[in-house]
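The values are calculated or read from the model by the stated rules, or taken from the named source; none is laboratory data. Quick caveat: nothing in here was measured; it's all calculated off a predicted structure. Cβ coordinates were reconstructed from backbone atoms using ideal geometry, including for glycine residues, and neighbour counts include every protein chain displayed. Only protein heavy atoms, including side chains, enter the accessible area calculation; ligands, DNA and RNA are left aside. Shrake-Rupley method; radii C 1.70, N 1.55, O 1.52, S 1.80 Å.
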Amino acid sequence: MTRLTDAHGRQIRDLRISITDRCNFRCLYCLPETEEAANFYKRTSSGAPRPIQHEWKPRSHFLTYEEITRVVRVASGLGISKIRLTGGEPLLRRDVPRLVESIAALPGIEDLALTTNGFLFAKYAQALRDAGLRRVTFSLDSLETGNFKKMTGRDGLEELLGAIDLAQKLGMNPVKVNAVVIRGLNDHEVPAMAGFARKHGLVMRFIEFMPLDSGRAWQADHVVTGREILTQLREAFELEPLNDEHAAATAKRWRFREGAGEVGLIMPVSEPFCGQCNRIRMTSDGHVRTCLFSLQEHNLKKQMRDGAGDADLAKWLQAVVLHKEAGHRIGQAQFQQPDRTMSGIGG
Ligand code: SAM
Ligand code: SF4
């Protein structure tokens, strides 16, 4: 099998697919469009925010489920074995179980997961499970009702906690939970969130805030580094390091000496893992991005709609992957935030 290998020798195995750029939340680090988000950035950022004028793509721009499944089939023939469906909020798209079913049936796909804010999860959970979804990741940035609303723009903590419980009952274990930690907002909740993971046997990931917010108001001061988070965790718990199973793992992981679950740190800002990155992404309108921070995209939808055959698509993907950037440049003078925000790229 010809493999997808980039110009730096990294083998690409992981494809993250955004199925919609729309969202029913307004997370302060992603789509900061609430008054509370505006107040936070006014208080903590120097210079006025320069919002990216994001327009929702008309639905006609989205790849169809048939097109997405075709891309996955071709990609799996090139060694892609991990697929994550994301967004925007993926569960806003109609009939996601149908897409899950067709991807889960493809040979070569060893791992199919979904990232969701959980608000609509209960409605589709059983159908997603029946369709073959085995893994789900939720975003949980706060366990305090008021702070949750401030962080996400939505009063949805109860729904999310119910969703996590339901996913566990449906056997989608281990259930993963992501928290983006922002200085002065939810950093005081790190021990409580880790304690929640320990109590419920969850895989908790604390993520450093990246400059992908639509307000373009990110500042280095907002970032609580993995090192700081680890200090907090070590003060509260006895931790034992877990060796990464895969060299390309993005998280540093620990288990609790007592109790279930684990915690991990994803530190793209303070300790970039670009050298081991084995991912590419596809946006809901069918553009391939070789890095979260790519300034250039590759229009796969056009190839497909212009009639490219599977072999042409495979060749095209191989050529595109050769453009994969050596790494991001956060913190360097040349750093430029991409036009697409996290909600449009797919995290
Ligand atoms: N809406 C779904 C959700 O929130 O889980 C899926 C899409 S969301 C873009 C995927 C992940 O990206 C979430 O876990 C979110 O916390 C993370 N994310 C969004 N903006 C981010 C930022 N500026 N820095 C770091 N992580 C971010
Ligand atoms: Fe929506 Fe997810 Fe972005 Fe929050 S992080 S605004 S839930 S896409």
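In the range 96-157, counting only helices (runs of 4 or more DSSP H) that sit wholly within it, the ones holding 2 or more residues that are over 21 Å from Arg70 (Cβ atoms) and away from ligand 1 (no atom under 15 Å from the Cβ) span 121-131, 145-152.
When the residues of the range 196-238 are filtered to those that are in contact with a Ser or Thr (Cβ under 9 Å, 6 or more places away or on another chain) and polar (S, T, N, Q), the one that is farthest from Gln337 (Cα to Cα) is Thr225.
If I ask for residues that are surrounded by 23 or more Cβ atoms within 10 Å (Cβ to Cβ) and free of Cβ contacts under 8 Å to residues at least 60 places away in the same chain, which ones from the range 83-102 would you list? Of everything in the range 83-102, those that are surrounded by 23 or more Cβ atoms within 10 Å (Cβ to Cβ) and free of Cβ contacts under 8 Å to residues at least 60 places away in the same chain turn out to be Leu91, Val100. Considering the range 173-184, and only residues there that are out of contact with any strand residue (DSSP E or B) (no Cβ under 6 Å at 6 or more places or on another chain) and open to solvent by 10 Å² or more (accessible area, probe 1.4 Å), the residue that is nearest to Leu160 (Cα to Cα) turns out to be Asn173.
Among the criteria (1) more than 16 Å from ligand 2 (Cβ to nearest atom); (2) open to solvent by less than 20 Å² (accessible area, probe 1.4 Å), the one Asn117 does not fulfil is (1). Look at the range 141-159: where a residue is among the aromatic types (Phe, Trp, Tyr) and a partner is surrounded by fewer than 18 Cβ atoms within 10 Å (Cβ to Cβ), sitting 6+ places away or on another chain with Cβ atoms under 8 Å, you get Phe148/Asp155.
Could you tell me whether Leu143 is modelled with pLDDT of 95 or more, touching an Asp or Glu at 6+ places or on another chain (Cβ under 8 Å) and open to solvent by 10 Å² or more (accessible area, probe 1.4 Å)? When the stated conditions are applied, Leu143 passes them. In the range 45-65, the qualifying residues are those that are surrounded by 15 or more Cβ atoms within 10 Å (Cβ to Cβ) and modelled with pLDDT of 90 or more, and the one that is nearest to ligand 2 (Cβ to nearest atom) is Phe62. Say whether the condition of being at pLDDT 90 or above, within 16 Å of ligand 2 (Cβ to nearest atom) and either under 30 Å from Glu66 (Cβ atoms) or aliphatic (A, V, I, L, M) (or both) is met by at least one residue in the range 271-281. Yes: the range 271-281 contains one or more residues that are at pLDDT 90 or above, within 16 Å of ligand 2 (Cβ to nearest atom) and either under 30 Å from Glu66 (Cβ atoms) or aliphatic (A, V, I, L, M) (or both).
Taking the range 192-311 and the strands (runs of 3 or more DSSP E) fully enclosed by it, the elements with 2 or more residues that are surrounded by fewer than 21 Cβ atoms within 10 Å (Cβ to Cβ) and without any contact (Cβ under 8 Å) to a residue 60 or more places away in the chain are at 239-242, 251-256.
For the range 158-173, the set of residues classified as away from ligand 1 (no atom under 14 Å from the Cβ) and either under 17 Å from the mean Cα position of the chain (by Cα) or in a helix (DSSP H, G or I) (or both) consists of Glu158, Leu161, Gly162, Asp165, Leu166, Gln168, Lys169, listed by residue number. Only one entry of Asp165, Asp187 meets the criterion of being open to solvent by less than 50 Å² (accessible area, probe 1.4 Å), modelled with pLDDT of 95 or more and more than 16 Å from ligand 2 (Cβ to nearest atom), and that entry is Asp187. Against the condition over 17 Å from the mean Cα position of the chain (by Cα), within 14 Å of ligand 1 (Cβ to nearest atom), farther than 30 Å from Gly275 by Cα and open to solvent by 40 Å² or more (accessible area, probe 1.4 Å), how does Glu33 come out, does it pass? For Glu33, the condition - over 17 Å from the mean Cα position of the chain (by Cα), within 14 Å of ligand 1 (Cβ to nearest atom), farther than 30 Å from Gly275 by Cα and open to solvent by 40 Å² or more (accessible area, probe 1.4 Å) - is met.
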